[in-house]
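What follows is a set of notes on a single structure, which appears directly below.
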Amino acid sequence: MTDKADFTDEEWKVVLQAPPTAGMIVVTAQRGETFGESFGMAKAYGEARREHGESQLLDEIASTKPEFDRTRYHSVEELKDQGLQHVRDAVQLLEAKATPEEVDQYKRFVLTLAQRVAESHKEGFLGLSGERVSDAERSAVAGIAEALGTAPPAD
C-alpha cells in the first residue's frame, strides 16, 4: 500500500492540492466563488471519499483539510490551465509510486469531487435550464476528466 511516506514533501503537496484545485476549477467555471460554494466543496470532499473503497492513500488525502492557495493563480483562465496541469502532475506522480488500483481510486475521487462541487450549488432545485449542472460546469468537469485520463461522469 502506498502512503504519505512514499512521497517527498513537495510531491505529497502536489497530490494533496490536486483535488481542491479541481474543485475550484468547477466553482469558477460559471461564476465567482462564494463562501457557500467553498463550504460545498468541503462537504463534497467528504462525500466523494465515502463513495470509494478502502484505500490508505485516499484515507490520508481525505483526512487532510482541503486547502487551496488563492494567491497562486491570478485569473480564472490561469487557474484552469495551470490547475489542469497540476492535476496531470499529481496523476503522473501517483502512476510512478502507487499501485494501478490506487491511481484509479484517486482519479475517481478527484472526478467525483468535481462532479459534487458542480451539483452542490443547486442542491434542492433545478436551474433555469432544468439541469443540476450548467454547461460551463459540465465542461470544467470534462476537462478535469481529460486531465485525469478518464471518461467524464455520465449525465
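Coordinate-derived values only; no laboratory data. Treat the numbers as computed from the prediction; the structure is a model and nothing was measured. Heads up, the Cβs are rebuilt from the backbone with ideal geometry, glycines too, and the neighbour counts pull from every protein chain shown.
Students often check this: by mean Cβ neighbours within 10 Å, which of 94-104, 136-146 ranks highest, and how do the rest follow?
On the way: 94-104: 16.3, 136-146: 20.4.
The peptides rank, most packed first, as 136-146, 94-104.
Say each of E60 and E47 gets a label point 7 Å from the Cα, pointing the same way as Cα to Cβ; how far apart are those two points in nm?
Distance between the two pseudo-spin positions: 2.8 nm.
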